[in-house]
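Colleague: Pasting a structure here, questions to come.
Derivation of every value follows stated rules applied to the coordinates shown; laboratory data play no part. Just so it is clear, the structure is predicted and the values come from calculations on it, not from any experiment. We place every Cβ from the backbone using ideal geometry, glycine too, and count neighbours over all the protein chains shown.
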Amino acid sequence: MTSLSVETTSNEARIEVGNTADDKRFQPPGGDMVVQDILEALPEPIYTTDASGRITFYNSAAAAMWGVRPELGKSEFCGSWKLYWPDGRSLPHDECPMATALKEKRANRGLEAITERPDGTRIPFLAFPTPLFDGAGNLTGAVNMLVDLTDRAVADEAVQRIAAIVESSDDAIVAKDLDGVIINWNRGAERLFGYTAAEAIGKPVAMLIPLDRHNEEPDILSRIRRGERIDHYETIRRRKDGSLIEISLSVSPIRNREGRVIGASKIAQHITERRRAEEQQHLLIREMDHRVKNLFTLAGSLVSLSARSADTPAELASAVRDRLTALARAHALTVPLTSQANGRTEAGNGASHVDWNDPRPV
């Protein structure tokens, strides 16, 4: 019966294959089908070298990462076509993490590098080279496991892109933890509330809430903990200078990779100017409504008054027309001379004239 055991320390590792009839100490560089089968079945890229760094084994996952199949016993230290440091500088094979581990005879784990395939594809990875020793403590080779960081790199790029969007947004975007402490503060928040990021981060978000509205924050945090969103909540907040501003607030939960709510993001839009514009608009609409009603009332009165002295429809039409013309002339006298309306009515001969038979609007 065959058994496999792996012993590791901070500086070395031993792989043993034992047999009940004949217990033998074994190192992968010599090659044993049981160990190779195990390494081949692993999903992570793994390869081994002898004491001088010549590759003695690699699994299919390693070949897939490298994009090549290095020649056993000749390729040294790493099967990558080309290697680079994370900053893009070229990394010679004899200076890669595996070469360093063999040279220093100690594990050299967690170093990041980039492999380039022949087709130009680059893959960031972490290397975990570990030297192997025989029973007498002599270096016999090393084993290295590579961890593909492509997904992490894509995620990091997405995070950086989102961070740039957040930072450049005109809206105030604030992130806080579940205790209400500010953990992120963009430039829009600086402009809206007056605090710099250095002044705001680490402080309770309650510093922005007027005293008469402090009951809002516990309710918001409670809803966020339940995973709820809050959309377009209009409220009032206090700026650094003490002035109050009206804002529209949207709050969303922030979740970690496990889906657990760990905080909240807030988007605040300044609506004070919008409110003023809306009030002015409503005022103008009310004024227009009042004036139109007055015109209808006046027109009705003119018709009633003209009907008293008119015997025929033609006389009624003439009387109404004359009275309306008189009112139009009287109104022209109240319009400032600089107005475009008055300029149109007086452009002809200096006198106001309304032709009620003209189909164009007065």
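Colleague: Please give the charge dipole size of the stretch 122-276, origin at the Cα centre, charges +1 on K and R Cβ atoms and -1 on D and E Cβ atoms. Round to the nearest 20 debye. Before the final figure, lay out each step's value.
Modeller: Details: 23 positive and 23 negative charges, 80 e Å.
The dipole magnitude comes to about 380 debye.
Colleague: For Tyr47, enumerate residues with amide H under 5 Å from its amide H, sequence gap 5+ or separate chain, H modeled in the peptide plane.
Modeller: Asn144
Colleague: While we're here: Report Rg/Rh for the stretch 170-270, rounded to two decimals, where Rg is the Cα radius of gyration and Rh the Kirkwood radius.
Modeller: Rounded to two decimals, Rg over Rh is 0.94.
Colleague: While we're here: On alpha carbon coordinates alone, what is the Rg over Rh value for the stretch 80-157, Rh being the Kirkwood radius? Please report the intermediate quantities before stating the final value.
Modeller: Details: Rg = 13.9 Å, Rh = 13.3 Å.
We get a ratio of 1.04 for the stretch 80-157.
Colleague: How long, wide and thick is the stretch 120-195, going by the Cα atoms along their three principal axes, in whole angstroms, largest first?
Modeller: Each principal axis gives a Cα extent; for the stretch 120-195 these are 70, 38, 17 Å.
Colleague: While we're here: Using θ = phi - 60° and the Karplus relation 6.51 cos²θ - 1.76 cosθ + 1.60, list the HN-Hα couplings for the stretch 106-111 in order, rounded to whole Hz, with x at every Gly or Pro.
Modeller: 8, 4, 10, 9, x, 6
Colleague: Continuing with this model, one more query. Show me, for the stretch 204-210, the HN-Hα J-couplings you get by feeding each phi into the Karplus relation (A = 6.51, B = -1.76, C = 1.60, θ = phi - 60°), rounded to Hz, glycine and proline as x.
Modeller: Once rounded to whole Hz, the list reads x, 5, 4, 5, 8, 9, x.
Colleague: Same structure again: From the phi angles alone, apply the Karplus equation (6.51, -1.76, 1.60; θ = phi - 60°) to the stretch 34-43 and give each ³J(HN,Hα) in whole Hz, x where the residue is Gly or Pro.
Modeller: 5, 5, 4, 4, 5, 5, 5, 6, 6, x
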